[in-house]
Amino acid sequence: MRSPSPFNAWSLIQGGLSGQRHWQAQWRKAEPRRTYDVVIIGGGGHGLATAYYLASRHGIRNVAVLEKGWIGGGNTGRNTTVIRSNYFYPESAAFYDYALTQYEQLSRELDYNIMFSRRGMWVLAHDPHQRDKMRHSANAMRLNNVDAEFHGPDGVYAAIPGLNRNPRYPVWGGLLQPRGGTARHDAVAWAYARAANALGVDIVEQCEVTGFDIVGERVQSLRTTRGDIACGKIGVAVAGHSSEIAKLAGLELPIQSYALQAFVTEPVKPCLDTVVMSPATGAYVSQTDKGELVLGAGLDLYLSYAQRGNLPWMERAAQGLVDLFPQFSRLRFLRQWAGICDVTRDSSPIIDESAVAGLHFSCGWGTGGFKAIPAGGTCLAHHLATGEKHPLASFASFERFVTGHLVDEAGAAGIAH
């Protein structure tokens, strides 16, 4: 297979002169081999990032990424693309801000435009208690070297065009992270897949893991629908289905899985140049480069693996949007879907080796998996390669559920968990 064509203006002009027939597939359709040094289960952002960092930073290239469906078809392609690091505690602030820093230069590193847009992220306060808490959060973020600004109502209305001045829940202020923004979610998956493939990683789609061979509390190999594969270490990065994979190894994870719904409206001209979250209405919204409004909702209040939406949440999301921006009341929804979120007791992730030696998990991301992809991939790759936890992920352990040293970030997660 020839190297993929570079993405630049000259290549685009050349393609225009030849009917755009020169583009090559961005990664090989690899067949699984019988042995690898490391196997990553899950071809979403976290799995592909882990494979890329194993190859690029640790020189481990005998790696396979096994994906049950297609690349980026799980939660990576089902989120609302928001990237931010407005977390409260030092551990999680450092972790998510590292991810944001990596996103800011990821297009250059991977030679792939992930369409990162630094448009700012607002969280609105709708009563005096939320206002006081946001001031506290802004101070905590600045102490953690994360950019943050608290604004009163005048500052909020000056910065957000079209925000309703007479909403059901009055605006008492807002917390702004100027470096927050959005990126195209599938481009992130494709960029990591392309870069990992170029370094020799095998990306195997339509390959489901059906079991593990464990000898003496150490994993030796895994069984798949395309044959058995021997490997020294395995990384599991399958988002909301982590518990299902863990059961195959006889493990029970301290997480619960819920559906989180999202929506897209018909496109309109550019009218919203920032990300707005309203905890009181449960709505958060941004506008894509195509003009669509992307809305997120809250978690379904029951355990589920159903990747579909429902009318009650659509109605609630629409109410929240119209309360914030009445001028959007005549927009029509084009699509509605759900992603499966694995939620821990403290809404912080797990990046750690399990009780089965050699079997590592990157899970418990709740509603924050997409924005954490570069940091999650970095930390899981480091642990797989060195056998030691990455300092950024020291808080993301299984052990904390035994010691009680939890890092409760339910508030910063943005929606009710």
**OP:** Please figure out what share of the DSSP beta bridges in the chain is antiparallel and state it in percent, rounded to the nearest 5.
**Re:** 70
Original post:
Give me the Kirkwood hydrodynamic radius of the range 171-296 in Å, from all C-alpha pairs, to one decimal place?
Top reply: 18.9
Subject >> All-pairs Cα distance distribution in the range 69-146, expressed in whole percent, bin size 5 Å >> reply: 3, 13, 16, 20, 19, 13, 8, 5, 2, 0
Subject >> Fraction of accessible area attributable to carbon and sulfur, the chain (%, probe 1.4 Å) >> reply: 53
Original post:
Any idea how far apart Ala158 and Asp37 come out in nm if each label point goes 7 Å out from Cα toward Cβ?
Top reply: 5.5
Original post:
Around Ser243, what is the net charge, scoring Lys/Arg as +1 and Asp/Glu as -1 over all other residues with Cβ under 11 Å from its Cβ?
Top reply: -2
Subject >> Hull volume in cubic angstrom per residue (convex hull over the Cα atoms of the range 113-233) >> reply: 234
Original post:
What is the chain's relative contact order, in percent, from Cα pairs under 8 angstrom and six or more apart in sequence?
Top reply: 22
Original post:
Pairs Lys290/Lys371; Lys68/Lys269; Lys133/Lys269; Lys29/Lys389; Lys247/Lys371: which exceed 29 Å Cα-Cα?
Top reply: Lys68/Lys269; Lys133/Lys269; Lys29/Lys389
Original post:
Looking at the chain, what % of the alpha carbon pairs are farther apart than 43 Å?
Top reply: 12
Subject >> Lys290 accessible area, assembled protein chains, probe 1.4 Å, Å² >> reply: 150
Original post:
Placing +1 at every Lys and Arg Cβ and -1 at every Asp and Glu Cβ, with all other atoms neutral, what dipole size does the chain have around its Cα centre, in debye to the nearest 20?
Top reply: 1000
Subject >> Residue-level accessible surface for Arg135, protein heavy atoms, 1.4 Å, Å² >> reply: 110
Subject >> Cα point-scatterer Debye curve for the range 366-417, base-10 log of I(q)/I(0) at q = 0.14, 0.19, 0.24 Å⁻¹ >> reply: -0.44, -0.78, -1.06
Subject >> For q = 0.11, 0.12, 0.16, 0.19 Å⁻¹, Debye-computed log10 I/I(0) when each Cα of the range 269-417 counts as one equal scatterer >> reply: -0.54, -0.63, -0.95, -1.15
Subject >> FRET efficiency for Leu199 and Thr386, using Cβ-Cβ distance with R0 set to 22 Å, rounded to 0.05 >> reply: 0.75
Subject >> Distance histogram in 10 Å bins (all Cα pairs of the range 1-124, percent per bin) >> reply: 10, 30, 35, 20, 5, 0
**OP:** Pop a pseudo-label 7 angstrom from the Cα along the beta-carbon direction at both Thr210 and Ser18 and give the gap in nm to one decimal.
**Re:** 4.3
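The values are calculated or read from the model by the stated rules, or taken from the named source; none is laboratory data. Model, not experiment: these values are computed from the prediction. So basically every Cβ, Gly included, is an ideal-geometry build from the backbone, and we count neighbours across all protein chains shown. Accessible surface is based on the protein model in full, side chains and every heavy atom, while ligands, DNA and RNA are left aside. Shrake-Rupley method; radii C 1.70, N 1.55, O 1.52, S 1.80 Å.
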